Amino acid sequence: MNNEFSRREFIRTGSFSLAGMAILPSFLSMGCNRITEQSGLEEYYAHFNVDREMLQKVMAEALLRGGDYCDLYFEHSLSNYVGLQDKQVNRAGSNIDYGVGVRVLKGDQTGYAFSEEISLDAMKKVAKTAASIASESKDYPPINLQERVHPEFCKIKTSWEDVSIKQKIPYLQKLNDKIFDLDGKVAKVQVYLDDSSSYILFANSEGVVSFDYRPMVSFIAVCVMEKGDRREDFFASRSMRIGYEYLNEELMDEIANEVVVGANKQFEAVKPKAGQMEVVLAAGGAGILLHEAMGHAFEADFNRKETSIFSDKMGQKVGEDFVTIIDDGTNPNYRGTLNIDDEGILTQKTKMVENGVLTSYLHDRISAKYYNVAPTGNGRRESFRYAPIPRMRNTYMEAGPHSKEDIIASVKDGIYVDTFTNGEVQIGAGDFTFYVKSGYLIENGKLTQPIKDVNLIGNGPEALRQISMVGKDLKIDCGTGTCGKGGQGVPVSMGLPTVKVAQLTVGGVNA
Amino acid sequence: MKDNKKVELAQWASKYATENGAKEVSVSVYDSKESEVEVRKQKIEKIQESIQSGLSLKLYVNGKYSTHSTNRLDRNDLEKFIKEAILGTNYLAKDQYRSLPDRHLCYDGTEKDLKLFDSNYDSIDPRQKIDLAMQVEAETTGMDERIISVTGSYSDGSYRSYLVLSNGVEGFKESTSYSIDASASINGGDSRPSDYYYNATRFWDQLSGEGVGKYAVERALRKIGAKTIQSGKMEMLIENRSVGRVFNSLLQPMFGYNLQQKRSFLEGKIGKKIASDLLSITDNPFIESGRNSRLYDGDGLASRKMTVIENGILQTYYIDDYYGKKLDMEPTTGSSSNLIFELGDKDLSALTKDMNEGILVTGFNGGNSNSATGDFSVGVEGFYVKKGEILHPVSGMNITGNHKEIWNNLIAIGNDPLTDRSWQTPSMLFEGVDFSGL
């Protein structure tokens, strides 16, 4: 269903919607030639049972009806999960996804089809389907494929494919034990460890061929506490594009402390009063403000169609001088980091707002061509089943001139918010929301009583204008953020220094 | 129509797993075809087609449990996949509650045509699909000069799945769906409001795009000039198509996993009042052409009609086989099918006229609900209503409260259920809702 036209959602994985389990070393190599994080182009060809000539033939078929451009996106993804419930590591699973997507572009029109079978015949068949977006006959010279070498932003030590379930189990058990040990009120704990390894081979009619290895791990804990007849829950998660070396005592201590402190605070928490007030966003995950209020509306597909509230604001002053907003694909090992995007473009650090001025949208190939600018490496897709569209990567604001203490002290009557679960935006109206799981009231410049379960709502351009203080303490969050758009979910990160927004509407209670 | 090769594959996988160390196994093999056309400015924006298939397994090995899926269906690949999955499962802790459901609770294979599958699916000319999407957009041409963009979309799908449990239970499902969708974006000065509308059917010859584009544009136009109003306690009338968003937060705590994990504010509430007398809901899996009609669920449990809430009193939970064993409760089903609401006698416009002061909510924006405590806070948009008259559109507001209370404030139910959705929600009117605005 295509009724998500104007609504983009962000969901942080709590205890639900978990995917993926590696079981044994070399598990899931599945009759293909074994491929690793260190493999080269020829090994990727061998893994997918293709060669240059085959790719050329498929692309020739794809362009047979006059398309301007085509690309082939081969993917082999292996995911695993291991789960703990009721003090036992008693569930696990795995998933294999394998296939190739063929895309043909004719101007801003897209033809797309995919095949789960990778053979010349199967690929030619889907290429023919994708080709039907164009309707003339044209001869192209054979495409001369040259490897596009890219930097490695997600270096790992130990691949998840080389880690057995036996090695993972103790980490879940230990994290469970740590959480129970920290507080006698803990009644239930769930722990999940998800990992995945994706191998991508990409080729296009501009002659680019490239390959990429994309690791990911998520470690998640959910805790329920009981106090008298009351119950409260909390979750904490960490997710990065990194290997097995990520798991250690320190990480487990961090997660355990976060859920226990968080759940405890919920018992003391109240709902703030309803209405508009000053809001201080804590450094880190509060970057969800940028993701919802600005990031989506900067995605160039919406602007190309003039449906974004920022469509006519390029080059204009949209915020204070100290506001600089970045979307970056190059931060080492972050969840939204990519070596190349999903249409073969090298990823980069893109300044969307520089010193308060809107400087760049986030582009895919179609929009970059439309605006006659260089692509920004934001063309992403959930898998080979989808055509790429402009998406965010790691979105954050650069540090500013104020101290965290001064920012809090400047608020007489407002709230401070630090943990979030989800958000949403309406691109055209500009109204965005994000849901606050925890925070504090600010009274006369001081953090006082904890608050919980409130939705914040604001308007993108207005909120951007009303960012009145920016801290020096930029922090990029490592939680499990997944961004949804057009039915496709992609991993993202976000970050923020401590920031004050002069006015947001807080979902609270009326006296 | 059944693909015998897929049936055999599911049976083979079940046999192979039990011969290689699994005590029990549940296998599901599925395949689907889908197509999609998107049109803008009377030009095809995107055309996409796909055929896919896969196999998923639930393995019960020495009292241990794991789940696996793959889209590589070559038997040699699958043999390795299944064997290693079984080996890996052995490292897990035992879970005494993991086993296939009791045979007598499972689907017995009796076939019944729920009218979910259109045998014409493969014979529809792709040109007709494109024409439909084109028409949806074409009918908005010249409607209003403030239109920025209208996207007309057509999509369809044909889905089959085969379930084989090692205890002998077998099932087959097939269904088709067609939909026509329009999204409209409007230049409203400072703001560019948008809205959508769609029609969905199980059968091609029931699908009509007429009015879909126009209605999406009208909905978007109505939002021009939206204002945020003063915070306060007011009435809230939720339009039928948006009710599901808040209702979902009442439904989630009824599920076995939330009850067992102590994340449900409805624990111990069977037979107790959780909502106003006006709320009565039946879960009916047997409705002909229903969006979620079925003869069995994901566990293979035979479907049954059940009363969920009667006159505000909670009658049942949604308990799948595993959490049923863990909670020592009879399983019902692990997922809702079609939800049928007892209706009132007024439509949306009559309900609006009954309002003294409040907001007619036509859409939600973000927000969440805490299933352990019932606390919720959600963004809303819609129209400010005073003395039965719609005064102006509203945006940038939140509603906040607790599900333990708000359902008792339900004062009227509409006669306008969404019969083409699985949750056939009517419009609903609540009193005393906390709105946050200025």
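Under 23 Å of direct C-alpha separation, and excluding same-chain neighbours fewer than eight residues apart, A:Lys155 reaches these lysines: A:Lys168, A:Lys349, A:Lys475. Converting phi to 3J(HN,Hα) with the Karplus coefficients 6.51, -1.76 and 1.60 and the offset θ = phi - 60°, segment B:368-373 yields 7, 9, 9, 6, 6, 10 Hz in sequence order, with x at every glycine or proline. Between the amide H of B:Leu391 and those of B:Tyr384, B:Val385, B:Lys386, distances stay under 5 Å, these residues lying 5 or more places away or on another chain, with hydrogens modeled in the peptide plane.
Of all aspartates and glutamates in the structure, those lying under 18 Å Cα to Cα from B:Lys305, and not within fewer than 8 positions of it along the same chain, are B:Asp108, B:Glu111, B:Asp113, B:Asp283, B:Glu288, B:Asp297, B:Asp320, B:Asp321, B:Glu330, B:Glu342.
Between the amide H of B:Glu24 and those of B:Tyr60, distances stay under 5 Å, these residues lying 5 or more places away or on another chain, with hydrogens modeled in the peptide plane. Per-residue Karplus couplings for segment B:157-170, computed as 6.51 cos²θ - 1.76 cosθ + 1.60 with θ equal to phi - 60°, are listed in order as x, 10, 10, 9, 8, 10, 10, 10, 9, 5, 8, x, 6, 9 Hz, Gly and Pro entered as x. Separation of the alpha carbons by more than 29 angstrom is noted, of A:Lys178/A:Lys273; A:Lys57/A:Lys485; A:Lys485/B:Lys15; B:Lys223/B:Lys386, for A:Lys178/A:Lys273; A:Lys57/A:Lys485; A:Lys485/B:Lys15. Less than 5 angstrom separates the built amide H of A:Lys87 from those of A:Val189, all sequence-distant by 5 or more or on a different chain. Count Lys and Arg as plus one, Asp and Glu as minus one, and take only other residues whose Cβ is under 13 Å from that of B:Tyr60; the net charge is then +3. Given axes a ≥ b ≥ c from the Cα gyration tensor, I'd like to know whether segment B:279-341 is rounded (a/c under 1.5), prolate (a/b larger than b/c) or oblate. Taking the square roots of the gyration eigenvalues as a ≥ b ≥ c, segment B:279-341 is oblate.
Legend: ranking of residues B:Asp416, B:Asp131 from fewest to most surrounding C-beta atoms inside 10 Å; resulting order B:Asp131, B:Asp416. Rounded if a/c is under 1.5, else prolate if a/b beats b/c, else oblate: with a ≥ b ≥ c from the C-alpha gyration tensor eigenvalues square-rooted, which is segment A:7-268? Note, shape of segment A:7-268 comes out prolate. State whether the protein assembly as shown is rounded, prolate or oblate according to the following rule on the C-alpha gyration tensor (a ≥ b ≥ c being the square roots of its eigenvalues): a/c under 1.5 gives rounded; otherwise a/b larger than b/c gives prolate, and the remaining case gives oblate. Taking the square roots of the gyration eigenvalues as a ≥ b ≥ c, the protein assembly as shown is rounded. Name the residues of segment A:196-222 whose amide N is less than 17 Å from a point 7 angstrom out from the Cα of A:Tyr140 along the C-beta direction? Inside the label zone: A:202-210. Of B:Phe247, B:Phe255, B:Phe265, the residue with the greatest mean-square motion in the GNM of chain B, using alpha carbon springs below 10 Å, is B:Phe247. Note on chain B: GNM, Cα springs under 10 Å; of B:Ala22, B:Ala85, B:Ala184, the largest mean-square fluctuation is that of B:Ala85. Whole-Hz Karplus values for segment A:41-53 come out as 4, 4, 5, 5, 3, 5, 4, 8, 6, 10, 9, 4, 5 Hz, taken residue by residue from phi with 6.51 cos²θ - 1.76 cosθ + 1.60 and θ = phi - 60°; glycine and proline positions read x. Legend: residue pairs B:Lys214/B:Lys387; A:Lys128/B:Lys2; A:Lys317/A:Lys351, Cα-Cα distance threshold 23 Å; pairs beyond threshold, B:Lys214/B:Lys387; A:Lys128/B:Lys2. Taking 23 Å as the limit for the C-alpha separation, the pairs A:Lys227/B:Lys325; B:Lys94/B:Lys326; A:Lys106/B:Lys129; A:Lys174/B:Lys83 exceed it in the case of A:Lys227/B:Lys325; A:Lys174/B:Lys83.
Helix B:126-138 axis versus longest C-alpha principal axis of chain B: approximately 20°, rounded to the nearest ten.
For segment B:331-438, the list of trypsin sites (Lys or Arg not before Pro) that fall in a loop by DSSP and count at most 16 other C-beta atoms within 10 angstrom reads B:Lys387.
Taken together, the values in this text are just the output of simple stated rules run on the coordinates, not laboratory data. Bear in mind the structure is a predicted one, so any value in this text is a computation, not a measurement. Quick reminder, even Gly has a Cβ in these numbers, built from the backbone with ideal geometry, and neighbours come from all protein chains shown.
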